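The values are calculated or read from the model by the stated rules, or taken from the named source; none is laboratory data. Just so you know, these numbers come straight off a predicted model, no measurement behind them. We place every Cβ from the backbone using ideal geometry, glycine too, and count neighbours over all the protein chains shown. Remember, those area values only see protein heavy atoms, side chains included, never the ligands or the DNA or RNA. Shrake-Rupley method; radii C 1.70, N 1.55, O 1.52, S 1.80 Å.
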Amino acid sequence: MSDISESMESLYSACNMQSDTVPLLQNGQHARSQPPAPGPRPAQPQVSPRQRVQRSQPVHILAVRRLQEEDQQFRTSSLPAIPNPFPELCGSSGAGSSPALPPGSFPPNQPPPKQPDCSSVKGSPSWMACPKDVKVFSEDGTSKVVEILADMTARDLCQLLVYKSHCVDDNSWTLVEHHPHLGLERCLEDHELVVQVEGTMASESKFLFRKNYAKYEFFKNPMNFFPEQMVTWCQQSNGSQSQLLQNFLNSSSCPEIQGFLHVKELGRKSWKKLYVCLRRSGLYCSTKGTSKEPRHLQLLADLEDSNIFTLISGKKQYSAPTDHGLCIKPNKVRNEAKELRLLCAEDEQGRMCWMTAFRLLKYGMLLYQNYRIPQQRKALLSPFSTPVRSVSENSLVAMDFSGQTGRVIDNPAEAQSAALEEGHAWRKRSMRMNMLGSQSPLHPTSINAVIHRTQHWFHGRISREESHRIIKQQGLVDGLFLLRDSQSNPKAFVLTLCHHQKIKNFQILPCEDDGQTFFTLDDGNTKFSDLIQLVDFYQLNKGVLPCKLKHHCIRVAL
C-alpha cells in the first residue's frame, strides 16, 4: 500500500507543478499552450483573483469562518439594493429637472448603490450570472434552501450544510443528484459546479445531502474494487495491482475494464448479456463472443458528455435481471428513459468496478486532487479550528492499561481474553449500580432499555430491506453498521454490518442473570447492560463479528 501511495504522490506532484501554469481540462489532461503571436504585446486588462480561477479545476476549501466572510462579502456586493422609500427626493420629477440630492452630497469613497444587471455579464452562460437559491433535501424528507454563488462546488455546498446542520465534518458527506422519475441517482464529484449540474436536471429532480464513506475508498483499498480478471492493459506493463491506480491516472497508459454485462436494448424491454469493455474512447460491446478485435467492437456509449448513475429500483422499473444496475446518462437527457443506456452487473463488486473505472477514466487526476484537498486543508488549519472527529472514525485497537503506560495488544488470543474480561467488568459494574440504586423513576434498568434510542447509529423500527438500502447508499465499506429493532422478536435487536461489500445481520438477544437484563451477540458469552456498551465494545474488538464496527449510518435533519 505504501508503494501505491508513493507512486501516486510522485504523479500528483508532477501534475501539480504543471497546473500552476497550464489549466486542466475536464478529463484531467492539460491544455496545450499556443505560441505567442509576433508583434507588440497588447495591454492586459485587470483581472480579479476570482476571475483568474480556472473553472475546470477543483477549488480549495476554505475554513468555515473564512467561507462565511467570503459568502457575506459577495452576498452584499451581488444582492439588489434596497428600494428607496422616498423617490421624490432623489429621483427626477421631469425629463429636464435635476435630482434634489446632487452626487457630491454622498460621503467620500461611497458611491451611490447601483442595481446589478445580471444580463450584462458577457461571455458567460446564464447559470453563471447571479447567485441562485438551491433546495437540498435530507434522508428524512426535510429540506433547506441555500443561496450559493455560481462558482460554488459540491464540496463547498457540503461544507456549508455541515456547518449549518452542526454535523461532524469528516469529508465523507456528499451531494447526490436524484432523479425519482427515472429511478437514478449519483454522487456529485467534489469539483463539479452545483449550478451547472442543476441546469441539466429536470423539474422533478432534486439534490440530497448524504453520507458516502466509499467515495474515495478505492484509493485506500484498490484490491477490493478491481478484480484481476476484469482489468487488462493495452500497453505492456508488469500488470501488478500496485500499478493499477497509477495506470488509470496516467494519460499515457490505457487500462481496460472487461467482462459480461446485461445490456437493455434501446426502445425495448428486453435485456441481452454481452461482453463489454471500457476504454478511454467509450464503452464497447463485442458482436462476436469475447473477441476484442476492432471489427467486432460496437460503441455502446460515449463517456465525454455523460455521467454514470446507480439504478435505484431496476427490477421494478426496468425489469432488470439483477439488483446491481447502473446507467450511463447523457447530460442532454432530462426525463426521456428511452435514451438511457441501462446495464446490469452480476454482483455488487462488478458494479463497483465498472462505476469506479468510469470515474477514473473520465476525471483522471482530478479525483486524486479531490482526495488530497481535505488532508492539505487539515494540515493548514490550526488545532483549534480542526473539526472534532467522531469515535467511529478512529483506529480502535485492544489496549492493556494494567501497567504504568498503555500497551497495544497484538496477540489475538490475548485480545480475546481481554475482551471477555472487559465484558465481565461491565457486567459487574452494572450489578453494583443496580444494588446501590434507589427506587426512583430513573432506575438503571429502565434507562438501559431506552438509552440507545438517542444514538445516531440506532434507526428504530425499520425493515431488513430498508437497512440494506441505507448501507448501500452510504457506501459498502468494511465496518459500516447500524442497529434496529428486530421484526421477528419484539424484545431483540439486529446489528446490520457491511464486510467485503456484503451486508450481514446479527441478532442481539436479551438474557437474564440474577434478575438483571443484559444483551448479548454471542449466546451469552459476552453480556452488556445496554446497547451503547455493546457498540463501544465491538468498536474495540471484533469478537464474533467479521470486522470491528467503524462507521455508523447517520441521517441528519436539515
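Would you mind listing the strands (runs of 3 or more DSSP E) fully within segment 448-558 where at least 2 residues are farther than 24 Å from Ala214 by Cα? First the steps, then the outcome.
Details: elements: 480-485, 493-499, 502-513, 516-520.
Per the criteria, 502-513, 516-520.
Name the residue, out of Lys315, Lys329, that is under 23 Å from Cys498 (Cβ atoms) and either within 27 Å of the chain's Cα centre (by Cα) or among the hydroxyl-bearing types (Ser, Thr, Tyr) (or both). Write out each step before concluding.
Working: Lys329 fails: under 23 Å from Cys498 (Cβ atoms).
Of Lys315, Lys329, the one residue that is under 23 Å from Cys498 (Cβ atoms) and either within 27 Å of the chain's Cα centre (by Cα) or among the hydroxyl-bearing types (Ser, Thr, Tyr) (or both) is Lys315.
Could you please give the count of residues in segment 117-142 that are modelled with pLDDT under 55 and open to solvent by less than 50 Å² (accessible area, probe 1.4 Å)?
Result for segment 117-142: 2.
How about segment 498-532: which of its residues are open to solvent by 20 Å² or more (accessible area, probe 1.4 Å) and among the hydroxyl-bearing types (Ser, Thr, Tyr)?
Thr517 - this is the single residue of segment 498-532 that is open to solvent by 20 Å² or more (accessible area, probe 1.4 Å) and among the hydroxyl-bearing types (Ser, Thr, Tyr).
Filtering segment 147-194 down to residues that are of a type in the set (Ser, Thr, Tyr) and over 25 Å from Val333 (Cα atoms), which residue is most open to solvent (accessible area, probe 1.4 Å)? Step through it out loud before you land on a result.
Our first condition is that a residue be of a type in the set (Ser, Thr, Tyr); within segment 147-194, this holds for 153, 163, 165, 172, 174.
Subset that is over 25 Å from Val333 (Cα atoms): 163, 165, 172.
Values: Tyr163: 100, Ser165: 22, Ser172: 9 Å².
That would be Tyr163.
For segment 153-188, enumerate the residues that are part of a loop (DSSP other than H, G, I, E, B) and modelled with pLDDT of 95 or more.
First, pick out the residues of segment 153-188 that are part of a loop (DSSP other than H, G, I, E, B): 166-172, 180-183, 188.
If the condition is that a residue be part of a loop (DSSP other than H, G, I, E, B) and modelled with pLDDT of 95 or more, then Leu188 is the only one that fits.
Would you point out which residue out of Leu261, Leu266, Leu300, Leu283 is in contact with a helix residue (DSSP H, G or I) (Cβ under 7 Å, 6 or more places away or on another chain) and either part of a strand (DSSP E or B) or over 29 Å from Ile470 (Cα atoms) (or both)? Break it down stepwise before answering.
Details: Leu261 fails: in contact with a helix residue (DSSP H, G or I) (Cβ under 7 Å, 6 or more places away or on another chain); Leu300 fails: in contact with a helix residue (DSSP H, G or I) (Cβ under 7 Å, 6 or more places away or on another chain); Leu283 fails: in contact with a helix residue (DSSP H, G or I) (Cβ under 7 Å, 6 or more places away or on another chain).
The unique qualifying residue is Leu266.
Which of the residues belonging to segment 537-550 are open to solvent by less than 30 Å² (accessible area, probe 1.4 Å) and under 26 Å from the mean Cα position of the chain (by Cα)?
Tyr538, Gln539, Cys547, Leu549
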